Amino acid sequence: MNRTPRRILAASSVFAATALIATGCSGSSGGGDAAASDTIVVSTFPFGVEEFQKAVIDPFTEKTGIKVEVETGSNADRLSQLQLAAGDPGIDVMLISDTFAASGQEKDLFQSFDESNVPNLANIADFAVEEGFDGPAYSYQLNGTIYNTGEVTAAQAADWSLYADPALSGRLAFPDISVTAGQLAVSGVADAFGSGPFDIDTAYSTIGGWAPGILQFYSSSTEVTNLLTQGEIVAADALSGFATTLIASGEPVAWTAPTEGRYMATNRAMIPAGAPNVEGAYAFVDYLLSTEAQSQSAKIVGDLPVALDAEIPAEITAVVGDIAADPVAAGYSTLDPAEILPNRGQWVERFAREVTSR
C-alpha cells in the first residue's frame, strides 16, 4: 500500500468559464480565483484509481467542467494528515472507510451536509444515510466466505463451523482484525456464538480455538487470493469483492454469506472542515451518488452501489446474487462505530495475544 499520498490530475477536459457559471459551483474560501473554483481535490484509496477515474471522475468533469485532482493513501495516513492540517486541509472530498470516518468526526475533522446541498441523498439506500455519520456511504462491502468449489460446498462455507473442521485444518485463512474483514468477521462470530456483535470475549475464545487449524491470518486481499488460487487454502473469511475477479476469470471459486452473523462495512464520502471548494465538493458527492455514476462504478470498479436505481452488473450478481439488491433485507447490518472506536486499540492487542499467537 502506498504510504505517501500522491496527487495526480484526473481530468482530461475543461469546459469554458460560461459552463462553469452554469453549474453554480464556485470556491467557498471567499475571494478565490477562477482556477481555484473550477478544481477540487479528492482524497481516496490507493487502489483502483484508474478505474474510478474512468467510471466517475472523467464523466463528472465532462458534465460540470470541474477538474479533479486525486490524492491517494491509506485510511490511517490520510486521516492523520487531515488532523495535522488543523482546519486547512487542501482537500474537498475524502473517500474513506466507515470506522476512520467516525474517528475523524470525533476530532471534528468533517462537516455535515444535507439534501439541500446534495439532492441525490434522497435517492440512496437508508443504510447509506444512517445517523452517526457526516457523509453518506457511496459503496459497501459484504463479509462472508470465499472458497474452492471443488473442495468445499456452499452449505459448508455458509456455516461458521467450517473453521473448526479438522478435515480442513491447515487449509483455511482468516482475516486479522486490523483489516476491514477482520472486524466484520469477529462481530459475526460474536453474534453467532455469543450475545451479539460486540461479545468479544466469546468471539476471541471461539476463533482462538480455531487458530491452530488456520494457515494464515491475512492482512491484505492479495494474500488471501494468492493462497486460494495456488491451492494452499480451500476457504477464507473475506469480503465479497475479493471473489469478483476470480469468478469472472473462470477460477473454481465462489463466495457465500454466512447463515448468521452477517455484517457489512461502508465506504463514505466526507467533506473536510475547511474544505477550500465546498460547492465543488457538493457537486462531486451528488454526482458520485447519482444512478449514472453508481452504475458505472459497479460495472468498472466493482463497487456495490447504494443508489436505489443503479444497475447491478452480472459480475457482481455472480458473486452475491440478490443480496446486492437489498443487503439489509438479506440480513446484513452495519456495525455501530460508537461501540468500536473506544475499544479498537484494546481489541487489536487482544486479538494478537488471544488468537494469532495460539
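Consider only pairs whose beta carbons are under 6 Å apart and that are at least six residues apart or on different chains; among these, list those whose first residue lies in region 186-202 and is part of a loop (DSSP other than H, G, I, E, B) and whose second residue is surrounded by fewer than 19 Cβ atoms within 10 Å (Cβ to Cβ).
194/202; 198/339
Quick one: which helices (runs of 4 or more DSSP H) lie wholly within region 264-332 and hold at least 2 residues that are crowded, with 17+ Cβ neighbours inside 10 Å and more than 18 Å from the chain's Cα centre (by Cα)?
278-288
Any chance you could count how many residues in region 98-127 are small (Gly, Ala, Ser) and surrounded by 16 or more Cβ atoms within 10 Å (Cβ to Cβ)?
Pass one, region 98-127, residues small (Gly, Ala, Ser): 101-104, 112, 116, 122, 125.
From what's left, surrounded by 16 or more Cβ atoms within 10 Å (Cβ to Cβ): 101-104, 125.
The number of residues fulfilling the criteria is 5.
How about region 128-163: which of its residues are surrounded by fewer than 20 Cβ atoms within 10 Å (Cβ to Cβ), over 20 Å from the mean Cα position of the chain (by Cα) and of a type in the set (Gly, Ala, Ser)?
Correct list: 150, 154, 155, 158, 161.
Answer yes or no as to whether residue 195 is in the same structural domain as residue 340 (by TED's automatic domain parsing), modelled with pLDDT under 95 and in contact with a helix residue (DSSP H, G or I) (Cβ under 8 Å, 6 or more places away or on another chain).
On the way: in the same structural domain as residue 340 (by TED's automatic domain parsing): yes; modelled with pLDDT under 95: no; in contact with a helix residue (DSSP H, G or I) (Cβ under 8 Å, 6 or more places away or on another chain): yes.
The answer is no for residue 195.
Residue 34 - would you say it is assigned by TED's automatic domain parsing to the domain that holds residue 117, at pLDDT below 95 and on the phi > 0 side of the Ramachandran plot? Give the steps one after another, and end with the answer.
Numbers: assigned by TED's automatic domain parsing to the domain that holds residue 117: yes; at pLDDT below 95: yes; on the phi > 0 side of the Ramachandran plot: no.
Spelling it out, it is not the case that residue 34 is assigned by TED's automatic domain parsing to the domain that holds residue 117, at pLDDT below 95 and on the phi > 0 side of the Ramachandran plot.
Scan region 82-101 and report the pairs whose first residue is touching a residue at least 60 places away in the same chain (Cβ under 8 Å) and farther than 12 Å from residue 277 by Cα and whose second residue is surrounded by fewer than 16 Cβ atoms within 10 Å (Cβ to Cβ) and not basic (Lys, Arg), with Cβ atoms within less than 8 Å and a gap of 6+ or a chain change.
Partner pairs satisfying both residue conditions: 99/341.
So that you can scan it fast, the table gives a plain yes or no per residue for (1) free of Cβ contacts under 8 Å to residues at least 60 places away in the same chain; (2) within 30 Å of residue 236 (Cβ to Cβ); (3) assigned by TED's automatic domain parsing to the domain that holds residue 243:
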| position | (1), (2), (3) |
| --- | --- |
| 110 | no, no, no |
| 119 | no, no, no |
| 122 | yes, no, no |
| 127 | no, yes, no |
| 133 | no, yes, no |
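Taking residue 290 as the residue in question, decide whether it is hydroxyl-bearing (Ser, Thr, Tyr), touching a residue at least 60 places away in the same chain (Cβ under 8 Å) and under 18 Å from residue 127 (Cα atoms).
yes
The values are calculated or read from the model by the stated rules, or taken from the named source; none is laboratory data. Small disclaimer: the values here were computed from a predicted structure and weren't measured. As a convention, Cβ positions derive from the backbone with ideal geometry for all residues, glycine included, and neighbour counts pool all protein chains shown.
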